[in-house]
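Here is the structure we will look at, set down as structure tokens.
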Amino acid sequence: MSNCIFCKIIDKKIPARIIYEDEHALAFEDVNPQAPVHALVIPKKHIPTIMDIGEEDGSLISHLITVANKIAKNKGIAERGFRIVTNCNPESGQTVYHIHLHILGGRRMHWPPG
Ligand code: 5GP
Ligand code: ZN
């Protein structure tokens with residue numbers, strides 16, 4: 001999608017600190033980290049919100065979780081613990097309408113979340 005910032009990162013039209021890439025997924029460091037580890041995992045397919053995920057996307061979504069787990073392991077937070085967050089629509093705080101998993105870790109997480 002031409003005006004989507006994450007599609008532009010996928011197309012390398014804008015720079016990002018990419019930490020993982022394969023045919024279907026990309027992961028990069030969040031530009032405004034909220035924890036010592038804050039990475040984003042995105043599908044290369046443009047899907048605006050998690051409400052737009054279809055049955056046909058099942059294997060893609062499970063792949064994103066697998067990528068997130070690999071990153072958690074590589075970043076050394078898998079055993080300590082980490083959080084995967086995905087925001088959906090305005091009241092959640094979603095600002096980029098291309099689905100993404102936030103991987104947050106390296107500090108104690110609070111509950112309930114803000
Ligand atoms: P949301 O608010 O939609 O759940 O999360 C969007 C995330 O994308 C935010 O954490 C924000 O810091 C990050 N972000 C927005 N624009 C860019 C960008 O151009 N590059 C990178 N690396 N992260 C971005
Ligand atoms: Zn997009």
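List of remarks:
- In the set (1) open to solvent by less than 50 Å² (accessible area, probe 1.4 Å); (2) away from ligand 2 (no atom under 14 Å from the Cβ); (3) part of a helix (DSSP H, G or I), the condition left unmet by CYS7 is number (2).
- Within segment 83-114, tally of residues that are open to solvent by 70 Å² or more (accessible area, probe 1.4 Å), without any contact (Cβ under 8 Å) to a residue 60 or more places away in the chain and under 16 Å from the mean Cα position of the chain (by Cα): 1
- Subset of segment 58-75 [open to solvent by less than 50 Å² (accessible area, probe 1.4 Å) and under 19 Å from ASP30 (Cα atoms)]: LEU64, VAL67, ALA68, ILE71, ALA72
- Selection status of LEU60, within 15 Å of ligand 2 (Cβ to nearest atom) and either part of a strand (DSSP E or B) or within 25 Å of HIS110 (Cα to Cα) (or both): no
- Residues that are among the hydrophobic types (A, V, I, L, M, F, W, C) and either touching a Gly at 6+ places or on another chain (Cβ under 8 Å) or within 16 Å of ligand 2 (Cβ to nearest atom) (or both), drawn from segment 63-114: LEU64, ALA72, ILE77, PHE82, CYS88, VAL96, ILE99, LEU101, MET109
- Among the residues of segment 17-27, not one is more than 16 Å from LEU101 (Cα to Cα) and within 13 Å of ligand 2 (Cβ to nearest atom).
- For segment 28-49, the set of residues classified as surrounded by 16 or more Cβ atoms within 10 Å (Cβ to Cβ), free of Cβ contacts under 8 Å to residues at least 60 places away in the same chain and among the hydrophobic types (A, V, I, L, M, F, W, C) consists of PHE28, ILE42, ILE47, listed by residue number.
- Given (1) of a type in the set (Gly, Ala, Ser); (2) part of a loop (DSSP other than H, G, I, E, B); (3) within 16 Å of ligand 1 (Cβ to nearest atom), index of the condition ALA68 fails: (2)
The values are calculated or read from the model by the stated rules, or taken from the named source; none is laboratory data. Computed from a predicted model, the values in this text were never measured in an experiment. Quick reminder, even Gly has a Cβ in these numbers, built from the backbone with ideal geometry, and neighbours come from all protein chains shown. Remember, those area values only see protein heavy atoms, side chains included, never the ligands or the DNA or RNA. Shrake-Rupley method; radii C 1.70, N 1.55, O 1.52, S 1.80 Å.
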